[in-house]
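Student: Sharing a structure, written as structure tokens. Questions coming.
The values are calculated or read from the model by the stated rules, or taken from the named source; none is laboratory data. Note that this is a predicted model, so its numbers are computed, not measured. Backbone-built Cβ (ideal geometry, glycine too); neighbour counts: all protein chains shown. When the accessible area is computed, the model is the full protein with side chains, heavy atoms only, and any ligands, DNA or RNA have been set aside. Shrake-Rupley method; radii C 1.70, N 1.55, O 1.52, S 1.80 Å.
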Amino acid sequence: MMPLLMLAAASADLDALDQAVTKCDRRSANPVFSGEAARHSQFLLEAYREQEAIVNDRLALTTQQRALREAADIKPAELKLQQKQLELQQASIEDRQKTLNDKRLLENIRQDAMDSMRRYFLNNCPAGAAEKIK
């Protein structure tokens, strides 16, 4: 799924949950609350793997930069080309890190929203209340 479509879907999911919580609709809210821990665990695992890959790529880039600095027999034109390639790799790593940081930010906001809705639901929707109204 495209990133923007994923964001729109996540936003729609939270909107639907918010409506279910407001209506004390246990049939809609409970499955979402129950599945949240598994969804969040999957996010954390994916975020860890991406961060690990970024760290490994940074280490590899640092090794390449050090080797380039220590190389004595490189022609200036070749040196400039290799430096440009390393700069592009660095920019790519920085872009990946920014993207991951943005995903973490959204996940933290989502967790705050879910916790808030869960507290509201537990405090304002006693078990069986919605079923009695019908």
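Student: Kindly list, by first and then second residue, each pair from a residue in segment 29-45 that is surrounded by 12 or more Cβ atoms within 10 Å (Cβ to Cβ) to a residue that is not in a helix (DSSP H, G or I) and not small (Gly, Ala, Ser), limited to pairs with Cβ atoms under 9 Å and residues at least 6 apart or on different chains.
Tutor: Once the first residue is surrounded by 12 or more Cβ atoms within 10 Å (Cβ to Cβ) and sits in segment 29-45, its partners that are not in a helix (DSSP H, G or I) and not small (Gly, Ala, Ser) give Ala29/Lys23; Ala29/Cys125.
Student: Is it the case that segment 118-125 has a residue that's in a helix (DSSP H, G or I) and of a type in the set (A, V, I, L, M)?
Tutor: Yes - at least one qualifying residue is present in segment 118-125.
Student: Considering each residue of segment 73-111, count those that are open to solvent by 100 Å² or more (accessible area, probe 1.4 Å) and not aliphatic (A, V, I, L, M), and give that number.
Tutor: 8
Student: Give Gln19, Gln51 a once-over and let me know the one that is within 30 Å of Gln83 (Cα to Cα) and either over 12 Å from the mean Cα position of the chain (by Cα) or at pLDDT 95 or above (or both).
Tutor: Gln51
Student: Also, quick follow-up: Going residue by residue through segment 55-62, is there one that turns out to be charged (D, E, K, R) and at pLDDT 95 or above?
Tutor: Checking segment 55-62: at least one residue is charged (D, E, K, R) and at pLDDT 95 or above.
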